1. Mind checking which residues of the range 377-405 are over 15 Å from residue 363 (Cβ atoms) and part of a strand (DSSP E or B)?
2. Please state which of the following conditions residue 244 fails to meet, knowing it meets all the rest: (1) touching a strand residue (DSSP E or B) at 6+ places or on another chain (Cβ under 8 Å); (2) outside any helix (DSSP H, G or I); (3) of a type in the set (Asp, Glu).
3. Which of the residues that make up the range 359-400 are of a type in the set (Asp, Glu) and touching a residue at least 12 places away in the same chain (Cβ under 8 Å)?
4. Given 272, 315, 296, which one is buried (at least 20 other Cβ atoms within 10 Å of the Cβ) and more than 30 Å from residue 466 (Cα to Cα)?
5. Kindly evaluate residue 217 against the criterion of being among the acidic types (Asp, Glu), closer than 22 Å to residue 149 by Cα and in contact (Cβ under 8 Å) with a residue 12 or more places away in the chain.
6. Test each condition in (1) buried (at least 16 other Cβ atoms within 10 Å of the Cβ); (2) more than 23 Å from the chain's Cα centre (by Cα) for residue 15 and report the one that comes out false.
7. Hey, any hits in the range 102-118 for a residue that's farther than 30 Å from residue 405 by Cα, in contact (Cβ under 8 Å) with a residue 40 or more places away in the chain, among the small types (Gly, Ala, Ser) and not in a helix (DSSP H, G or I)?
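The values are calculated or read from the model by the stated rules, or taken from the named source; none is laboratory data. Since the model is a prediction, treat every value here as computed from it, not as a measurement. Here the Cβ positions follow ideal geometry from the backbone for every residue, glycine too, while neighbour counts run over all protein chains shown.
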Amino acid sequence: MWKTVADNKINQLRQRGEHLLQKRPKNVILFIGDGMSLSSVTAARYLKAHNQSKSVGDVLLGWEEWPSAGLVRTFCADRMTTDSGTAATALLGGSKSQFDTIGVNEKVQCCKCIKIPEEDMIKSILLHAQDNGLSTGLVTSTRITHATPAAAYAATRSRNWEGKVPKNLSGSGECEDIAGQLVRRGLNFNVILGGGSAHFYQAPGPGTPHSEGSRDDGQNLIQKWIKAQEERNRKFAVALNFSEFRRVDTSATDYLLGLLTPFHMEYDISRLDQPSLQEMTETAIKILSKNPKGYLLMVEGGRIDHGHHDNTANLALTETLALEKAVNAAQMQTNSKDTLLAVTADHSHPFSLQGYATREKSVLDINDYSNASDSMPFLIAAYANGPGAQVNKSRSNPGAEDRFGSVYRQQALIPLDRSTHSPEDVPIYATGPFSDLFCGTMDNTYVAYATMYSLCIGPYQNEAHCAKGNNAKSNGNLVYGPMLITLFSLFIIEWIS
């Protein structure tokens, strides 16, 4: 069903004729800001302006200047509001799925330990890219087994089975944790960079960090990955900390496993002795760019979401700016004529901006136009729900609080231990060959199909634009002759009618 919906939108774009004058991209980089709602983009832009001592409206985020933009619908198979696992399955697999599952279709339910039928598993765009000889990579600021990156390689009834499957579950017991699936199904990823090493071993041993792991089956999956790469006579490297990461020789490395922290990477605002998202992205591109056939890279700014869940807007917005740095670096490092870049989010958050503050104010400050009805000032940035709400007492005065602190909690209306996601559409921005595919409104499943269409992988290998030579490195004469004839024919038909 979702492919049909996507194909209808692709066909509408075909009829406009833009693709007849374009060479398809050789490479695609998909950036996902986890929880990066439209209000997060606005607020991050305002924070960037304030950090540069500029006025609101004088600064844009890098991707806001790209030629193509749209809105993405985010609902999942059974709920109005998606979680990150089902959202990533849509973005990377082109299928809706049920809440808390990953890499499966809408038939598969959470959370019993029952074997998943092969026909109900969803193959990600990155696995399709590998089948077509492209290099692939995953970069994230979360655990590499977390919901978004896991959708690139795993099929599971529960996103929570990262390093082990609970033993008290009903079912057949034929379930594999996500880390195990990465080593089994993800051996052909050329770059794996993020946190979460603890899910790959139990006790310290050969090739592991010195701290205790979180597995309970005695497996050392890091050593298992190394052995599998050795058996294939591959040039590989493993990095388990920042020092090892900095020593990686990208020119001599075709496969990189970087599990750089035991759990999530630190927030960028407090990052010490860890690579930034920008540095990880740059390293990934250096390795992937060696493949003359091209590559597909997914980069996740995963901790935007975590900041929003805690109502800590400063953390969420600085993570958004960290993602922007990675995007800007990738744009500088790649060729705009052969690389398609897209930036989107997996879901929204109940985060909003309000009031009539002057343009010089920080978005983290209080509104300077008027007070609330309780005679106290109110914050420009706030949440509809979450731990920033008061329970059975009046709200505090934010004007008397350290509202610019890195872990300051914005005020919220409905008290919850963690703020929820919300169902609004999220933005998408694109630049490079075929970027017009991402204009207008679209379902999140469309992103997967549009990516495969642009790269001529998966079900789109035999499209007209996939003819040999019709890519961004081909001789233009091989492409433009037939295209100009087609355009001329369309013009004549339109003129006659």
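1. Answer for the range 377-405, where residues must be over 15 Å from residue 363 (Cβ atoms) and part of a strand (DSSP E or B): 384, 385, 386.
2. (2)
3. The answer is 360, 365, 374.
4. Answer to the check: 315.
5. So residue 217 fails the test.
6. Result: residue 15 fails condition (1) only.
7. yes
Residue-wise test of (1) among the aliphatic types (A, V, I, L, M); (2) surrounded by fewer than 19 Cβ atoms within 10 Å (Cβ to Cβ); (3) part of a strand (DSSP E or B).
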site	(1), (2), (3)
163	no, no, no
180	no, no, no
192	yes, no, yes
225	no, no, no
228	yes, yes, no
